[in-house]
């Protein structure tokens with residue numbers, strides 16, 4: 001066992017002490033943070049816009065528009081900065097002329113404080129036609145036009161109601177949308193989980209698993225081939241049993257993977273739970289950040305994911321190690337690994353069938369098939385917690401699968417690592433397995 | 001008679017197209033430095049790999065330490081230096097040595113102490129924290145040699161350990177090997193450089209094209225060559241001696257190295273006659289000595305000049 005540990009330590013330290021690891025591990029969270037915060041950052045309205053309301057309407061519609069615009073703030077709460085600086089101009093019969101002269105002053109940085117950012121034209125029939133015209137330098141900004149439209153629609157609605165004699169306040173109450181609060185029921189029991197967040201969680205878990213299995217599994221494979229090409233295998237083989245070498249490698253690389261995942265996961269969780277605060281610090285729209293559906297992840301779900309990550313990793317990296325041992329160069333491995341990687345992809349794809357019905361017979365069967373079980377069971381469990389018996393059964397099947405794979409892979413590995421020359425054919429490989 | 005450490009019993013190994021080792025038998029006695037000699041392609045590495053259980057013989061068997069366990073099972077008692085050198089390029093020298101020792105079962109602390117000690121002994125103390133890839137080839141070989149002996153094995157098997165080394169490093173490692181053996185360990189090493197074997201070995205086995213050609217204690221082998229060899233050195237004009245040396249009344253076989261030569265007297269020839277003829281030639285003798293044949297000469301005589309020529313490339317004797 002000490003020998004396996006020596007290999008584990010070597011594989012672990014060799015990878016963790018490299019620049020590549022440090023960069024990847026710490027850049028990863030930066031990347032995630034960027035994805036979360038950047039969209040909000042990019043779309044915010046940065047400064048107060050100077051708007052002129054050119055008013056040709058009667059009945060005070062224009063006044064009310066100007067008033068509402070004046071009181072609009074960033075963040076939509078009373079403590080925010082005002083979005084607009086409004087000048088209310090009456091057309092007084094000379095709409096077109098005034099319009100043209102105002103356009104000439106729009107989007108003119110050279111005018112400094114006297115410039116206009118946008119011009120809102122309220123015609124006589126604006127309300128009847130449900131149409132206002134906005135001319136401005138920021139007309140291309142989706143976020144700003146969206147906010148403007150939102151505000152103006154509200155004013156128009158209130159105005160129409162008032163003119164029809166309906167009390168706007170009464171209507172507001174009546175118009176409050178009905179919310180349907182969802183909660184999952186599992187086999188006659190209330191589970192207390194909501195709808196959409198669980199989908200995201202399931203997908204995220206499967207994706208992370210997929211990336212990790214391939215990324216780290218391939219590292220085991222290339223490490224095996226490199227030991228062949230550097231010829232250090234002959235020395236190793238005279239000191240260790242091949243399975244000790246393989247096991248040490250799998251555990252070493254797996255530990256690096258777990259560490260990296262833990263750092264990323266931990267950072268993601270930290271960022272997610274503080275997302276509104278971070279968004280506010282950056283001056284972005286906090287409400288938008290808050291609406292990102294980040295699910296609450298329970299400990300049980302994480303535990304199941306971890307168990308199947310470990311089991312799946314042993315399963316697949318043993319396969320990758322065996323593949324690596326049959327090749328002589330890293331290039332050869334690129335081709336040879338395709339079947340294994342396809343299996344992993346299959347696992348990822350299979351979860352989509354589960355999303356609709358995690359407890360169908362298809363799903364149940366898949367939980368008992370070792371190559372896909374690492375994906376299927378944790379995802380099913382996150383959508384609809386599995387009874388202990390089903391979990392244990394899936395784990396047991398997986399353990400058996402790992403043992404079988406380790407045995408086969410071990411046989412291939414111990415012969416393959418000393419075979420130089422042409423890449424072994426499939427028939428030869430079968431012979432190695434049988435000969436032992 | 002103590003149990004041999006290695007017993008090779010009528011072993012044959014075939015690869016596609018040719019027979020690498022043919023019905024080979026040999027024994028390595030405990031505490032001895034045993035040389036396995038032969039030209040390139042003779043089957044030395046193949047034989048060694050069969051001892052180490054890296055390949056399996058097609059016929060015959062190999063027994064280590066008197067038992068039936070294979071080379072891989074006895075890894076703790078054997079130190080193996082393969083012909084193809086292999087180290088992890090990116091590891092630091094000290095870490096690598098500690099790893100090699102730990103993988104043989106040496107506890108960590110002892111591994112660290114011994115590694116540091118050997119590095120100093122071989123003049124690599126300053127390089128302990130450098131990466132393997134930063135070392136020259138000779139230094140890497142010293143590191144690999146160290147890795148082979150760190151766990152204090154009873155039996156050391158070295159496949160072409162001194163090839164490619166400059167004279168200084170070659171001497172260093174050869175001395176280290178002899179010192180190691182004198183502590184009571186058994187050493188088997190293969191080489192095609194006869195001078196090394198001559199200086200170091202107690203016992204010698206020569207193989208050529210898979211067949212054993214000579215096998216026995218070095219002293220006996222040399223004595224068997226008889227007192228019919230003469231070692232010569234010229235200091236004035238070696239070319240003048242050529243006609244004499246080509247004269248088959250005096251000389252049976254000749255190894256002409258230019259300014260020096262070694263020859264076997266023709267049957268019935270008197271060394272005094274040869275001496276007179278050489279002096280008369282005017283080549284200028286600085287050495288005329290009746291000697292036991294060198295291992296090189298024995299090798300050539302037994303294996304043939306062609307094989308000897310192949311053995312002479314590409315390394316020069318250190």
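The numbers here are math on the coordinates, done by the rules we state, and not lab data. Values in this document were obtained by computation on a predicted structure and should not be read as measured data. Positions of Cβ are generated from backbone atoms using ideal geometry, with glycine treated the same way; all protein chains shown enter the neighbour counts.
Observations on the structure shown:
- Of the residues A:52, A:225, A:253, the one that moves most in a GNM of chain A with alpha-carbon contacts below 10 Å is A:52.
- Per-residue Cβ neighbour rank within 10 angstrom, fewest leading, B:257, B:151: B:257, B:151
- Using C-alpha pairs under 8 Å with a sequence gap of at least 6, the mean separation divided by the residue count of chain B gives a relative contact order of 20 percent.
- Tilt relative to chain A, helix A:388-416 - C-alpha long axis, 0 to 90 degrees, to 10: 50 degrees
- Relative contact order (percent, whole number), the range A:194-435, Cα cutoff 8 Å, 6+ residue spacing: 31 percent
- Nearest-ten-degree value, helix A:338-356 long axis tilted from longest Cα axis of chain A: 50 degrees
- With neighbour counts taken as other beta-carbon atoms within 10 Å, the residues A:160, A:49, A:422 rank, fewest first, as A:422, A:160, A:49.
- The range A:144-174 and the range B:52-100 have Cα centres separated by 86 Å.
- Solution diffusion estimate, µm²/s, Stokes-Einstein, the protein assembly as shown, Kirkwood Rh from C-alpha pairs, 37 °C, viscosity 0.692 mPa s: 97 µm²/s
- Average beta-carbon neighbours from other chains, 10 Å sphere, peptide B:82-88: 6
- Global form of chain B, assessed from the alpha-carbon gyration tensor, a/c cut-off 1.5: prolate
- Cα gyration tensor shape of the range A:48-171, rounded if a/c is under 1.5, else prolate or oblate by comparing a/b with b/c: oblate
- For chain A, the Stokes-Einstein estimate of translational diffusion at 20 °C and a viscosity of 1.002 mPa s comes to 80 µm²/s, using the Kirkwood hydrodynamic radius over alpha-carbon pairs.
- Fewest-first ordering of A:417, A:103 by other beta carbons within 10 Å of each residue's beta carbon gives A:103, A:417.
- Its DSSP H runs of at least 4 residues, each contributing -39,500 (n - 2.57), put the calculated 222 nm mean residue ellipticity of chain B at -10000 deg cm²/dmol, to the nearest 500.
- For chain A, the relative contact order works out to 18 percent when only alpha carbon pairs closer than 8 Å and six or more residues apart are counted.
- For chain B, modelled as a GNM whose springs connect Cα atoms under 10 angstrom apart, the maximal fluctuation among B:227, B:112, B:276 occurs at B:276.
- Whole-number D in µm²/s for the range A:194-435 (Stokes-Einstein; Kirkwood sum over Cα pairs; 10 °C, 1.306 mPa s): 82 µm²/s
- Comparing A:349, A:365, A:23 in a Gaussian network model of chain A where C-alpha atoms under 10 Å apart are linked, the largest mean-square fluctuation is found at A:23.
- Using the alpha-carbon positions of the range B:194-295, Rg (one decimal) and Dmax (whole number) come out as 15.1, 46 Å.
- Among beta bridges that DSSP assigns inside the range A:48-171, antiparallel share in %, nearest 5: 30 percent
- Within the protein assembly as shown, antiparallel bridges make up roughly 60 percent of the DSSP beta bridges whose residues both belong there.
- Relative to the longest principal axis of the Cα atoms of chain A, the long axis of helix A:142-164 lies at roughly 50 degrees.
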